[in-house]
Amino acid sequence: MEHTQSSPLWRRTATAAACAAVLGVGAAVAPAVAGAALSFKSGLRDFTPTAAGPFDGASAKLTLVGTDATQAVFVVHGVDPAVAGRTFGAHLHAGPCVAGNGAAALGHYNHSTTAPPTVNDQTEIWLDVTINDGGNGQSMARVDWAPAAGPRSVVIHANPTAADGTAGARLACLPVEW
Ligand SMILES: [Cu+2]
């Protein structure tokens, strides 16, 4: 019966609307990609445990939705409000998140097949966050591919991401493993 089929569509529409509302963006955002959802939430791991930094004690959550395409939502909480207004580069990296070892995260996860790889916000998942007065930040990225499973991480850097993908020192990371 046709009227019973309206429920899944309603749910998808509501999810996309909720996502747009959370991020404070308008109707230009495409609907959420249908398919599998992965969620990773934990305290951040510090790359320089012996030095104080704005992400000490902060936590973060990454959600990846989609199978062929991916919509990524990154949220960070508990950042030192002293850095409110600053933007920090953040990316999905190919390697694991290991406290005290920024190099373990390897380079950015890059989907391109060229050598050298093409570096931009469509071949990689860039998730720069601007911290607000409450010590929170959030971002969204959308690419038309899905990262392969493995021990990966979101790395937060000291600077905003430049056009060539660099973003300065590695500060902290979120484990992203599936
Ligand atoms: Cu990075």
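Does Leu174 satisfy the criteria of being near the ligand (Cβ under 10 Å from one of its atoms), modelled with pLDDT of 95 or more and either under 16 Å from Phe47 (Cβ atoms) or not β-branched (Val, Ile, Thr) (or both)? Spell out how you get there, then give the answer.
Numbers: near the ligand (Cβ under 10 Å from one of its atoms): no; modelled with pLDDT of 95 or more: yes; either under 16 Å from Phe47 (Cβ atoms) or not β-branched (Val, Ile, Thr) (or both): yes.
No: the conditions fail for Leu174.
Are any residues in the stretch 147-159 within 15 Å of the chain's Cα centre (by Cα) and closer than 16 Å to Val79 by Cα, and if so, which ones?
Val154, Val155, Ile156, His157
Identify the residue in the stretch 102-134 that is of a type in the set (A, V, I, L, M) and away from the ligand (no atom under 16 Å from the Cβ) and, among all such residues, is surrounded by the fewest Cβ atoms within 10 Å (Cβ to Cβ). First the steps, then the outcome.
Kept after step one, since they are of a type in the set (A, V, I, L, M), are these residues of the stretch 102-134: 103-106, 115, 119, 125, 127, 129, 131.
Subsequent filtering for residues that are away from the ligand (no atom under 16 Å from the Cβ) retains 115, 131.
On the way: Ala115: 6, Ile131: 23.
Once the filter is applied, the top-ranked residue is Ala115.
Would a scan of the stretch 82-101 turn up a residue that is more than 16 Å from the ligand (Cβ to nearest atom), in the same structural domain as Gly168 (by TED's automatic domain parsing) and modelled with pLDDT under 95?
Taking every residue of the stretch 82-101 in turn, none turns out to be more than 16 Å from the ligand (Cβ to nearest atom), in the same structural domain as Gly168 (by TED's automatic domain parsing) and modelled with pLDDT under 95.
The values are calculated or read from the model by the stated rules, or taken from the named source; none is laboratory data. Treat the numbers as computed from the prediction; the structure is a model and nothing was measured. As a convention, Cβ positions derive from the backbone with ideal geometry for all residues, glycine included, and neighbour counts pool all protein chains shown.
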